[in-house]
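Scroll down for the structure; my scribbles are underneath it.
The values are calculated or read from the model by the stated rules, or taken from the named source; none is laboratory data. Owing to the predicted nature of the structure, the values given are computational and were not obtained by experimental measurement. Counting neighbours? That spans all protein chains shown, and the Cβs are built from the backbone with ideal geometry, glycine included.
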Amino acid sequence: MSSAVGSRPTPAEVVRARPLGFFGDMASVSSRALRLLPRDLEAIIPALLVPLFFLVVTIGAIQNLADQAVSGLDYKAFQLPVAIMTAVTGMSRANSLVIDISGGYFDRLLMTPINRYALLLGLMVADFTLFMVMAVPVIALGFAIGVGFGATGVLGLLVFVLFGALWGLAYTGFPYAIALRTGNPAAVNSSFLLFFPFMFLTTAWVERDVMTDWLAAITWFNPMTYALEGMRSLFAGWHGWALGRALLAICAVGLVAQTLAFRSLRGRVRRG
């Protein structure tokens, strides 16, 4: 029987918030992030159009020359992984996170029983979903210009997209770390500058054999080199060594970046 009007509720009538559990919290955060994606189309669309534009322009400008510098692979296929990497790198929900931090929403979440790690992992689930979707137009353009996966088929195509999305997911730790440490949107936007050493100091345009000695030496220490080589190998067949090195390189970047991100999360939680 309910209590009388104006009287204090009995313990049986008090409705208490109950934790959803780790996976429930993560699903809640990721679903919110996915629902907010349509509001960020002004950021997503340019991030997709730029690599598509450079893919077409690069192939049109130097394919006739580059075919002589790329052994055993059509230059269009050589460039397609670069377009995927450019599209997914830096495209995270870090901008949304920093808005939540500056607006106080993140602090309000910390007052709830939500799992702290789910606050970040839920955003990364949304990121991974976005990366898989962003790969579709790039793959479609690749098919339109004559790139195919005849040697590995549909499974090779899926692994190709998966490796690109995993690279994007590994890299997200950097912008998330900056967002959590600074709470500054400008600092998060500048995190894309970290991508330039990964991209330009690698075998993005030609193989090592035609590079100058100093640049060729640097590419051996760049993890993106191995990620690109693994993705390119899928056009010729199943090469376990190339794919294994690619996965190891992606994991190495992820270990560094995600460690920074979760340490920054713990610091933000303590300060909150």
Review point. Quick one: would you say Ile99 is within 20 Å of the chain's Cα centre (by Cα) and within 17 Å of Leu228 (Cβ to Cβ)?
Key: no
Exercise for review: Would you point out the residue of the range 97-153, among those that are of a type in the set (Phe, Trp, Tyr) and outside any loop (DSSP other than H, G, I, E, B), that is farthest from Ser233 (Cα to Cα)?
Suggested key: Tyr105
Study note, to complete from the structure: Counting only residues in the range 191-222 that are among the hydroxyl-bearing types (Ser, Thr, Tyr) and part of a loop (DSSP other than H, G, I, E, B), the one surrounded by the most Cβ atoms within 10 Å (Cβ to Cβ) is identified as Thr202
Study note, to complete from the structure: Taking the range 229-263 and the residues there that are surrounded by 17 or more Cβ atoms within 10 Å (Cβ to Cβ) and among the charged types (D, E, K, R), the one that is nearest to Ala177 (Cα to Cα) would be Arg245
Practice item. Looking at (1) assigned to a helix (DSSP H, G or I); (2) over 13 Å from the mean Cα position of the chain (by Cα); (3) without any contact (Cβ under 8 Å) to a residue 40 or more places away in the chain, find the lone condition where Val188 falls short. Key: (3)
Practice item. Quickly run through the range 102-144 and pick out the residues that are of a type in the set (Gly, Ala, Ser) and either under 16 Å from Ser30 (Cα atoms) or over 17 Å from the mean Cα position of the chain (by Cα) (or both). Key: Ser102, Gly103, Gly104, Ala118, Gly122, Ala126, Ala140, Gly142, Ala144
Point to revise | Contacts under 8 angstrom Cβ, first residue in the range 66-84 being within 20 Å of Phe198 (Cα to Cα), partner modelled with pLDDT under 85 and of a type in the set (Gly, Ala, Ser), 6 or more apart | key: Phe78/Ala66
**Study point:** Test result for Arg181, assigned to a helix (DSSP H, G or I), exposed (fewer than 15 other Cβ atoms within 10 Å of the Cβ) and not aliphatic (A, V, I, L, M)
**Key:** no
